[in-house]
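Just below is one structure, and these are the notes that go with it.
The values are calculated or read from the model by the stated rules, or taken from the named source; none is laboratory data. This is a predicted model, so every value here is computed, not measured. Don't worry about glycine lacking a Cβ; one is built from the backbone with ideal geometry, like all the others, and counts go over all protein chains shown. These accessible areas exclude ligands, DNA and RNA; they are computed on the full protein's heavy atoms, side chains included. Shrake-Rupley method; radii C 1.70, N 1.55, O 1.52, S 1.80 Å.
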Amino acid sequence: MRITEIQGTNIELTDAIRNYVTEKVEGISRFAKRFEPCDVAIEVGRTSEHHNKCDVFFAEMNVAIPGDVVRAHAVRDDLYAAID
């Protein structure tokens, strides 16, 4: 698996966030070996800057495998929980 992009939306993409995302993607790379080559694009962030009561975070991962794209999307009240 090759990470082609890690993007932050409505948040500052810190080194800690980038490292956490990379660590999680490396953890699932053993499942993707039979689909090589595959590229991974990840977007993490807040769904909006307009929530008054609490933040709502999301994580989205698109894995381009030969002939198809696999997409995962999660929304949680904690960024790291959404990434998990």
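General observations
- Note that the chain presents 67 Å² accessible area per residue, ligands and nucleic acids not counted, probe 1.4 Å.
- Local electrostatic count at residue 76 - Lys and Arg +1, Asp and Glu -1, tallied over other residues with Cβ under 13 Å: -4
- Under a model in which nothing but the beta-carbon of Lys, Arg (+1) and Asp, Glu (-1) is charged, the stretch 17-84 shows a dipole of about 160 debye around its Cα centre.
- Accessible area of the chain belonging to carbon and sulfur atoms, whole % at 1.4 Å probe: 47 percent
- The string of couplings for the stretch 18-27 from the Karplus curve (6.51, -1.76, 1.60, θ = phi - 60°) is 4, 5, 5, 4, 4, 4, 5, 5, 4, x Hz, one whole number per residue in order, with x for Gly and Pro.
- Dipole orientation for the chain: of the candidates 10, 32, 80, 32 has the Cα lying most toward the positive pole (charges on Cβ; Lys, Arg +1; Asp, Glu -1).
- Mean Cα-pair separation over length for the chain, i.e. relative contact order, pairs under 8 Å, 6 or more apart, %: 29 percent
- Helix-derived mean residue ellipticity, 222 nm - over the chain, DSSP H n ≥ 4, -39500 (n - 2.57), to 500: -6500 deg cm²/dmol
- Applying Stokes-Einstein at 25 °C and 0.890 mPa s to the Kirkwood radius of the chain, computed over alpha-carbon pairs, gives a translational diffusion coefficient of 184 µm² s⁻¹.
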